[in-house]
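The values are calculated or read from the model by the stated rules, or taken from the named source; none is laboratory data. These numbers were taken from a predicted model, which means no experiment stands behind them. Using ideal geometry, Cβ is built from the backbone for each residue, glycine included, and neighbour counts are taken over all protein chains shown. Just the protein is used for accessible areas: all its heavy atoms, side chains included, with ligands, DNA and RNA removed. Shrake-Rupley method; radii C 1.70, N 1.55, O 1.52, S 1.80 Å.
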Amino acid sequence: MEKAIHWYPGHMAKAYRIIKEKIDLVDVVIEVLDSRAPYASLNKSIKEVIGNKPLLLVLNKCDLSDRCETEKFLKELNKEAYAISLDSLNGTKNINTISNAIDILLKEKIEKANAQGKKIYPIRAMVMGIPNVGKSTLLNNLAKRKALETGDRPGITKNMQYLRANDKLLLLDNPGTLWPKFESENQANLIALIGSIKDEILPIPQVANFGLDLLKELYPDMLKTRYKLDSLEKTNDDIFMEIGKKRGAVVRGGEIDLDKTYDIFLRELRSGKIGAMTFERQS
Ligand SMILES: Nc1nc2c(ncn2[C@@H]2O[C@H](COP(=O)(O)OP(=O)(O)O)[C@@H](O)[C@H]2O)c(=O)[nH]1
Ligand SMILES: [Mg+2]
């Protein structure tokens, strides 16, 4: 990106320290990913942070992603860790799904405890993930109470108690915030697109253009339908002008307000209004 997006080392060190302090309190770690960009939202250093704790990957926001692509990602990720997909806003079955997944993940440990007549339940878990993937929403959904502050802006989760999901599962009440990894410009753009970086510090025109390029390539029909576009064989600026016009993003004199258009486009893209889509493909 022209204007580099940084996650300062100070933040990283702090996040690392907080997680290290809590990791010994739990039996299993749940890393929440955004199913629209599972690889980009995965923190590759998590294994260093959690040591040998079993890891459950939850591809969240599956209501917003392309089901077919999500299945492919699950298959691939399942080679490295246990992976499931969820919609944490609407999940009456989420507790069972997570509880069952943890039982499978901890199968050996559970069998051993049973054989020795030791008590293993309740299992303690910690939820982690980069900002905005839905950690607080998932915790609220599992604990069936709106105890945690949620928001669609990154960094809203702050300061130990456990929340009870069911008889078998306790969750540390505060999720661990992991830092996103910017290994490439593409990854930084994806992280921006899923809303894990505050818009205030983002080069919005670049992110919007990245989103438009992606949709032209991956979901051209949804894009055309949403904005009633006859053709995509135009420059991005021309397409944004059309979108702006249709959404009434005009300034005095009838000129299109591109900044406003970018905001509208990104809001609609992020909230699934253009359609359910996955922004990454497996290489
Ligand atoms: N559509 C959809 N939105 C979700 C889901 N989970 C969380 N969200 C929304 O994503 C935003 C960020 O959620 P939050 O729990 O605050 O993320 P956190 O930063 O990881 O704790 C909020 O606007 C949530 O309502 C989901 O499964 N589906
Ligand atoms: Mg949160």
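Among what's in the stretch 189-226 and is assigned to a loop (DSSP other than H, G, I, E, B) and more than 18 Å from residue 276 (Cα to Cα), pick the residue that is most open to solvent (accessible area, probe 1.4 Å).
198
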Original post:
Say we look at the stretch 86-118 and pick out the residues that are under 29 Å from residue 18 (Cβ atoms) and in a loop (DSSP other than H, G, I, E, B); which of these is most open to solvent (accessible area, probe 1.4 Å)?
Top reply: 89
Original post:
Within the stretch 60-72, is there a residue that is assigned by TED's automatic domain parsing to the domain that holds residue 140, under 20 Å from residue 124 (Cα atoms), in contact with a Leu (Cβ under 9 Å, 6 or more places away or on another chain) and open to solvent by 20 Å² or more (accessible area, probe 1.4 Å)?
Top reply: no
Original post:
Of these, 111, 76, 31, 71, which one is of a type outside the set (S, T, N, Q), within 24 Å of residue 140 (Cα to Cα) and at pLDDT 95 or above?
Top reply: 31
Original post:
Is it the case that some residue within the stretch 272-283 is farther than 24 Å from residue 36 by Cα and either more than 26 Å from the chain's Cα centre (by Cα) or open to solvent by less than 20 Å² (accessible area, probe 1.4 Å) (or both)?
Top reply: no
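Does residue 229 satisfy the criteria of being part of a loop (DSSP other than H, G, I, E, B) and open to solvent by less than 50 Å² (accessible area, probe 1.4 Å)?
So residue 229 fits the description; yes.
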Original post:
Does residue 23 satisfy the criteria of being within 15 Å of ligand 1 (Cβ to nearest atom) and buried (at least 16 other Cβ atoms within 10 Å of the Cβ)?
Top reply: no
Original post:
Pairs, please: C-beta under 9 Å, at least 6 apart or cross-chain, first residue open to solvent by less than 20 Å² (accessible area, probe 1.4 Å) and aromatic (Phe, Trp, Tyr) and in the stretch 157-183, second at pLDDT 85 or above and within 16 Å of ligand 1 (Cβ to nearest atom)?
Top reply: 179/43; 179/130; 179/131
